[in-house]
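The values are calculated or read from the model by the stated rules, or taken from the named source; none is laboratory data. Computed from a prediction, not measured in an experiment: that's the story for all the values here. Glycine gets a Cβ as well: all are built from the backbone with ideal geometry, and neighbour counts include every protein chain shown. Heavy atoms of the whole protein, side chains included, go into the accessibility calculation; ligands, DNA and RNA do not. Shrake-Rupley method; radii C 1.70, N 1.55, O 1.52, S 1.80 Å.
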Amino acid sequence: MIPPSGIRRFFDLAAEMEGVISLGVGEPDFVTPWHIRESCVYSLNRGRTSYTSNHGLLELREEIVQYMGSQGVHYDPRKEVLVTVGVSEALDIALRTLISPGDEVIIPTPCYVSYIPCTTLAGGVPVTVATSMEDNFRLTADKLEAAITPKSKVLLLCFPNNPTGAIMDKETLLQIAQLVEKHDLLVIADEIYERLTYHGQHTCFASLPGMRDRTIILNGFSKAYAMTGWRLGYAVGHEDFIAAMTKIHQYTMLCAPVTAQYAALEALRNGKTAVDNMVDQYNRRRRLVVHGFKEIGLPCFEPGGAFYAFPYIGDTGLTAAEFAENLLMEEKVAVVPGDVFGPGGEGCVRCSYASSVEDLTEAIKRIGRFIKRHGINATKQVYI
């Protein structure tokens, strides 16, 4: 009953065509910084090729705890940190740990494509809450409270958001935290994009009053450090959560790859300069893409984080799927239809700006040509 990933469908189509500019897959176009790669090679030369603790290298967990401390929340590296095979594994085992069959998981949408299927696979019932462009794709307290029932168990958050690039302000998060406590919910906060924040300061959900022991924070190295292929993430939370998650982890994964763990250790210790440089370049591309969409007549709210733009194509007379398919076939630009990210995504397409300025400029040109050729009724209205 679970459909294949809508992202991968367009990725596979684009891979079979020549001359395609892909704005589809959410992957940095940067290579992992050299000093991180070098630390991996050094670990191999030293013969560090064995299993690690199920929890991961202790020195890596200590660095993770130190990093979390900089965000205002403190953990025990021996009991409250689990190193995982990407954030995808962390999400899967967090859901399997927290919910029993029939429990409801509240998921703001548009959302990353795996949230709803992973909830279903864990026996849970996904309850989607559609956010809107008018609210800058933020989850509001009113919408959250309207979705809560006696069966509600977990709130699954992802801000900065994939696919919209939306961020949450601290005041709104505090309102949501009050509802979490009032209704005795648990929270899974996927903060994989927290380093890629362009407006203000990211607020770690677990740092809010009363939220530390109700929240499992998921994070990793794929996005900020350009380490997607290394497949390394982590979860931090109350020791009871982490102990239960580790049971599943030790029987299914045993441990994360040791060479990737040594690379991650170097990333946390010495990667800030490289991350800052990449964020500066993403920010430049973000402004270029948002301005470009406005110029060709596609409304696009300004993303405050991650590396995605989510322009509105609803006035074109095409569905998101039709727009994406025709654009790919006619102009060889790959984007992802917004409806694959759940309710609230229809009428939009996701465009990753983790590409070169040259490719982004050409892609905007091609999209503008596509709109003009078909006489599509695009609009100059702009959402900010």
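Remark on I106: its backbone amide H falls under 5 Å from those of V127, K153, V154, L155, L156, a criterion applied only to residues 5 or more positions apart or on other chains, H modelled at 1.01 Å from N. V258 sits among other residues whose Cβ lies under 13 Å from its own Cβ, and their net charge, with Lys and Arg +1 and Asp and Glu -1, is +2.
Summary value for the chain: 25 percent relative contact order, contacts being C-alpha pairs under 8 angstrom separated by 6+ residues.
For the chain, modelled as a Gaussian network with Cα springs under 10 Å, which listed residue fluctuates most, P110, P337, P257? Between P110, P337, P257, it is P257 that shows the largest mean-square fluctuation. Under 5 Å from the amide H of A334 lie the amide H atoms of I21, S22, L23, each residue being 5 or more positions distant or on a separate chain, with H modelled from the backbone and absent for Pro and chain starts. For the chain, the longest principal axis of the C-alpha atoms and the axis of helix 239-252 are separated by about 80°.
Excluding ligands and nucleic acids, what accessible area in Å² is computed for D184 using a 1.4 Å probe, to the nearest 10? That residue has around 100 Å² of solvent-accessible surface. For the stretch 340-348, backbone phi angles converted through the Karplus equation (6.51, -1.76, 1.60; θ = phi - 60°) give residue-by-residue couplings of 6, 9, x, x, x, x, 4, x, 10 Hz, Gly and Pro being listed as x. Counting heavy atoms of the protein chains alone, M278 has an accessible area of about 10 Å² for a 1.4 Å probe. Each residue of the stretch 85-91 is assigned a 3J(HN,Hα), and the resulting list reads 7, x, 6, 4, 5, 4, 4 Hz, derived from the Karplus form 6.51 cos²θ - 1.76 cosθ + 1.60 (θ = phi - 60°), x at Gly and Pro. Placing +1 on the Cβ of every Lys and Arg and -1 on the Cβ of every Asp and Glu, with no other charges, gives the stretch 121-230 a dipole of roughly 260 debye about its Cα centre. Relative to the longest principal axis of the chain, what angle (0 to 90°, nearest 10) does the C-alpha long axis of helix 34-45 take? Helix 34-45 sits roughly 40 degrees off the main axis of the chain.
Give the separation of the Cα centroids, the stretch 338-365 to the stretch 88-146, in Å. Cα centroid of the stretch 338-365 versus Cα centroid of the stretch 88-146: 22 Å apart. Of the solvent-accessible surface of the stretch 1-137, computed with a 1.4 Å probe and all protein chains present, 53% belongs to carbon and sulfur.
I'd like the orientation of helix 170-182 relative to the chain: the angle between its Cα long axis and the longest Cα principal axis, in ° from 0 to 90, rounded to 10. Rounded to the nearest ten degrees, it is 60. From the Cα gyration tensor of the stretch 197-260, with a ≥ b ≥ c the square roots of its eigenvalues, which class applies: rounded if a/c is under 1.5, or else prolate if a/b is larger than b/c, or else oblate? In terms of gyration-tensor shape, oblate. Here are a few candidate values for percent of Cα pairs over 35 Å apart: [x] 20; [y] 24; [z] 53. Which one was actually calculated from the structure I just gave you? Answer label, from the structure shown: [y]. Longest stretch of the chain clear of exposed loop sites (trypsin sites (Lys or Arg not before Pro), DSSP loop, at most 15 other Cβ atoms within 10 Å, sites excluded): 152-379.
The DSSP beta bridges internal to the chain are antiparallel in roughly 40% of cases. What percent antiparallel are the DSSP beta bridges of the stretch 105-211, to the nearest 5? In the stretch 105-211, approximately 0 percent of DSSP beta bridges are antiparallel ones. Under 16 Å from a label point set 7 Å out along the Cα-to-Cβ vector of E362, no amide N atom of the stretch 207-241 is found. Annotation: amide H of H238 within the under-5 Å range of T215, sequence separation 5 or more or interchain, hydrogens built in the peptide plane.
For the chain, a crude dipole built from +1 on the beta carbon of Lys and Arg and -1 on the beta carbon of Asp and Glu, taken about the Cα centre, is about 440 debye to the nearest 20. Using the 1.4 Å probe convention, the accessible area of the chain works out to 42 Å² per residue with neighbouring protein chains retained. Listed values for the stretch 46-60 are Karplus-derived 3J(HN,Hα) couplings in whole Hz (6.51 cos²θ - 1.76 cosθ + 1.60, θ = phi - 60°), namely 7, x, 8, 10, 9, 4, 10, 3, 3, 6, x, 4, 4, 5, 5, and x replaces Gly and Pro. Just the protein heavy atoms count here, and of the accessible area of the stretch 273-380 at 1.4 Å, carbon and sulfur take up 47 percent.
Ligands, DNA and RNA left out, the 1.4 Å accessible surface of the stretch 156-219 is 45% carbon and sulfur atoms.
Please label the shape of the stretch 72-214 as rounded, prolate or oblate, based on the square roots a ≥ b ≥ c of the eigenvalues of the alpha-carbon gyration tensor (a/c under 1.5 means rounded; beyond that, a/b larger than b/c means prolate, else oblate). Rounded, because the longest to shortest axis ratio a/c is under 1.5.
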